[in-house]
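Taken together, the values in this text are just the output of simple stated rules run on the coordinates, not laboratory data. These figures come from a predicted structure and were not determined experimentally. Note: ideal-geometry Cβ built from the backbone for every residue, glycine included; neighbour counts use all protein chains shown.
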Amino acid sequence: MKPTPAAEKYSPLYFLASVGAGGLVVTFFMYLMFWVPHPGRPVATFDDIAAYWPTAGLPAQAAIVIAMIGIAVFAVMNLQKLFWNISTFNTWRKTEGYKVFRTTNAETQLLAYPLALAMSVNGLFMVSLTFVPGLWNVVEYLFPFAIAGFLAIGAFALLIIGDFLGRVLTTGGVFDVTAHNSFAQLLPTFALAMVAVGLAAPAAMSSTPFVVSAGVMLSTFFGMAAVIYGLIALFTAFNSMLHYGTAKEAAPTLMIVIPILTTLGIMMLRQSHGLHGTFEVHTNAGETMVFLSRMLSIQFLFLFLGMLILIRQGYFKDFVLGDKLSPGSYALVCPGVAISVMLHFFINTGLVSAGIIEKFGTIYWIESAVAIGFQLATVWLVFRLNGQHFAKVAEAPGDVVAAE
């Protein structure tokens, strides 16, 4: 038996396997977030679930069971893939291939490491909310540790970005513009945005003014850093794509804008909630609905663009349904997760809160079914990719292609 394809030809992009599983934890938590009553709290907790269970109907109970199983399964997968990546990465970084890697455009793939760490911390918080009784009674004591943890991850990300920018901006000709023909260079933006949304959580949930203000300001710093870096990478990459076409193995990155917008969008919603509850800064339901509509519109535009290129290049036929392997295939998971989560927020925080549709009405469930459809498709994709990349094979695997 040969080692798994992922172990045989390692790439930091395999951290995205952990990120995708963590994202699916969030999609299942949406069931609890919006379908379980949680009066007086911004999120559902184990105590809210326990209080609701005796009076909940059979469909509601089934949804709770599915949500809790999904959260548990994908949280375990998230941590397993994270620990495997850390161990394999530590071995790989001692090789000559790693030294060469650090001299190419692909160096920014290292940002998948802090991205995965931030995703796991976010996911573990939702696991704790779901399964730990009485957590809300001590949650205020946890927020300073959460802020410190995300700051450490953010500093890790900034150090990697600094190494990359310090190399390419001080020495001319080391950045290969011809290999910049994808949105792969937006991975640092995604990492910074994930740190930002994590730092915004205490702002939304704490009742301590200092913690709220710290969460708002620190998440704003990383959010703005993500936006600035993202805009530069986006426009320069699009220019290169117009000249050289889109690199087939990196084509899934065309949809990385989707999860970036979801993380930044939730960051802004969390900031708004914290400012409203602590500092009486009010945003009405109509404004929130319009904001979410704009974010979702941009996401679907990039979804259409990405699917257009992927289909025309035959990416799914080769790398998802075929025998060719690319670590970049895991970049397909995050857009499905992100649109599912954003749709839940759009439906509940946008349309329902603004009085456009009735909660749990017919239109509500039709629209929620779209969010669940994206979720189920992503669940299938995760298991499909895990089977391709992490299953031991008796014969040589298909060629593993690294994306820059």
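Mean silhouette area of the chain, derived from the convex hull of its C-alpha atoms and averaged over all directions, reads 20.1 nm². Based on the Stokes-Einstein relation at 10 °C and a viscosity of 1.306 mPa s, and on the Kirkwood radius from alpha carbon pairs, segment 114-164 is assigned a translational diffusion coefficient of 131 µm²/s. You can think of it this way: the chain between Thr208 and Glu287 has 25.8 nm of extra reach, that is 0.36 nm per residue less the Cα-Cα gap. Per-residue ellipticity at 222 nm computed for the chain from its helices equals -23500 deg cm²/dmol, with DSSP H segments shorter than 4 residues left out and the rest contributing -39,500 (n - 2.57). Given their separation in residues at 0.36 nm each and the Cα-Cα distance between them, Val370 and His276 gain 30.8 nm when the chain is fully extended. Here, segment 256-378 is characterised by an Rg to Rh ratio of 1.06, where Rg is the alpha-carbon radius of gyration and Rh the Kirkwood radius.
Taking a quarter of the surface of the Cα convex hull of segment 1-78, what do you get in nm²?
Details: hull surface 28.4 nm².
Averaging across all directions leaves 7.1 nm² for the Cα convex hull.
A crude spin-label estimate for the pair Val132 and Asp323, with each label 7 Å from Cα along the Cβ direction, gives 4.8 nm. Over segment 53-172, the pair-distance histogram of Cα-Cα distances with 5 Å bins from zero comes to 2, 9, 13, 16, 16, 13, 10, 8, 6, 4, 2, 1, 0, 0 percent, rounded to whole numbers.
Calculate the spin-label point distance for Ala50 paired with Ile232, positioning each point 7 Å from the Cα along the beta-carbon direction, and give it in nanometres. It is 5.1 nm.
Please sort through the DSSP H helices of the chain and keep those with an alpha-carbon extent of at least 18 Å along the long axis and a Kyte-Doolittle average not below 1.0. Show your work: numbers first, answer last.
Values: long enough: 15-35 (31 Å, 1.80); 58-92 (50 Å, 1.20); 112-131 (28 Å, 1.47); 139-170 (45 Å, 1.73); 187-205 (28 Å, 1.83); 209-244 (51 Å, 1.49); 257-279 (31 Å, 0.84); 285-313 (42 Å, 1.39); 333-345 (19 Å, 1.84); 362-389 (40 Å, 0.74).
Both cut-offs are met by 15-35, 58-92, 112-131, 139-170, 187-205, 209-244, 285-313, 333-345.
Can you pull the semi-axes for segment 142-189, root of five times each eigenvalue of the Cα gyration tensor, sorted largest first, whole Å? Show your work: numbers first, answer last.
Numbers: eigenvalues 184, 36, 3 Å².
So the equivalent ellipsoid measures 30, 13, 4 Å along its semi-axes.
Kindly state, to the nearest 0.05, the FRET efficiency for Val174 paired with Tyr244, given R0 = 22 Å and r defined as their beta-carbon distance.
On the way: r = 18 Å, r/R0 = 0.82.
That pair, Val174 with Tyr244, gives E of 0.75.
A Förster radius of 22 Å, combined with the Cβ-Cβ distance separating Asp163 from Trp92, puts the computed FRET efficiency at roughly 0.80.
Each part gets one Cα centre, and for segment 315-368 versus segment 1-25 those centres are 22 Å apart. Each peptide among 63-69, 331-337 gets the average number of other Cβ atoms lying within 10 Å of its residues, and from highest to lowest they stand as 331-337, 63-69. Only one residue of Ile347, Ala50, Leu275 has its Cα farthest out toward the positive end of the dipole of segment 5-389, where Lys and Arg carry +1 and Asp and Glu -1 on Cβ, and that residue is Ile347. Overall, the chain carries a charge dipole of about 520 debye about its Cα centre when +1 sits on the Cβ of Lys and Arg and -1 on the Cβ of Asp and Glu, all other atoms neutral.
The modelled label-to-label distance between Phe83 and Ile298, using points 7 Å beyond Cα along the C-beta direction, is 3.8 nm.
Taking each of Lys94/Lys392; Lys2/Lys99; Lys99/Lys317 in turn, the alpha-carbon distance tops 27 angstrom for Lys99/Lys317.
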